[in-house]
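Since the structure comes first, as structure tokens, the remarks are kept for the end.
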Amino acid sequence: MFALLLWATSPVWALELQQQKFSDDQIFSAVVGKFQKTLQYRFNTATTDARKPLLVFGPALKFGKKVQSQSFTHLTQQELVTEQQAVFILIPNAYPDPERNALYVEYDIPSNASYGLLKVFPKDGVLAVEVEDSYRSSSGARATYGKLYEGVACRDNTEMAYRWNEYEGNRASGRCLDTMFTEFIKPF
């Protein structure tokens with residue numbers, strides 16, 4: 001909890017690890033960089049725009065303002081749902097170890113059905129990222145999308161509409177399969 005309070009009140013330096021100060025941007029740019037290729041995927045294969053990876057924090061992490069970054073776009077959960085984005089990294093929680101040698105970051109990337117725990121720590125003056133635990137689960141991905149989109153009206157040609165179609169075997173279509181997202185209550 002101490003680290004979270006630091007992030008919420010400190011706009012410049014977010015966290016000290018091994019007596020080195022790192023900003024929110026540095027920390028989460030390192031995290032996003034670990035999954036750069038995965039976070040560039042688009043369910044709509046006709047999309048040609050180059051977009052920065054999307055980063056979303058879970059309710060356990062409170063920020064006074066959005067993290068500004070050249071590496072990623074920080075969206076709130078509400079913004080993510082409003083835009084009906086499907087490819088993003090969700091950070092449910094982050095906490096330093098007691099000695100403040102490393103920051104442990106929980107992550108969830110439902111677009112490729114992966115989640116786990118990262119260790120972020122200084123190495124030779126820069127932040128390194130190692131995977132501590134990594135899992136793959138299509139039902140876990142469905143649960144993550146369900147927490148965000150259950151009962152939300154689907155809009156044609158959004159990433160989520162394309163994602164829904166891909167799981168139903170009709171990858172080329174961005175048309176909503178129903179008025180509301182309903183695929184979270186049944187297996188894909």
Single unsatisfied condition, LYS123 versus (1) modelled with pLDDT under 95; (2) of a type outside the set (Phe, Trp, Tyr); (3) touching a strand residue (DSSP E or B) at 6+ places or on another chain (Cβ under 8 Å); (4) farther than 21 Å from LEU61 by Cβ: (3)
Please work out if THR179 is open to solvent by 60 Å² or more (accessible area, probe 1.4 Å), over 17 Å from the mean Cα position of the chain (by Cα) and among the hydroxyl-bearing types (Ser, Thr, Tyr). yes
What residue, among those in region 41-60 that are part of a loop (DSSP other than H, G, I, E, B) and either within 9 Å of the chain's Cα centre (by Cα) or of a type in the set (Gly, Ala, Ser) (or both), is surrounded by the most Cβ atoms within 10 Å (Cβ to Cβ)? PRO53
Which one is least open to solvent (accessible area, probe 1.4 Å), of the residues in region 25-40 that are of a type in the set (D, E, K, R) and farther than 18 Å from ARG163 by Cα? ASP25
Please determine whether any residue of region 88-104 is polar (S, T, N, Q), closer than 29 Å to LEU15 by Cα, open to solvent by 50 Å² or more (accessible area, probe 1.4 Å) and modelled with pLDDT under 95. yes
Under 6 Å between Cβ atoms, at least 6 apart or on separate chains: pull out the pairs that start in region 63-75 with a residue that is under 18 Å from THR38 (Cβ atoms) and open to solvent by 40 Å² or more (accessible area, probe 1.4 Å) and end on any residue that is part of a loop (DSSP other than H, G, I, E, B) and of a type in the set (D, E, K, R). THR73/LYS52
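The values are calculated or read from the model by the stated rules, or taken from the named source; none is laboratory data. All figures in this text were calculated on a predicted structure; none of them were measured in a lab. FYI the Cβ positions are ideal-geometry reconstructions off the backbone, even for glycines, and counts take in every protein chain you see. Accessible surface is based on the protein model in full, side chains and every heavy atom, while ligands, DNA and RNA are left aside. Shrake-Rupley method; radii C 1.70, N 1.55, O 1.52, S 1.80 Å.
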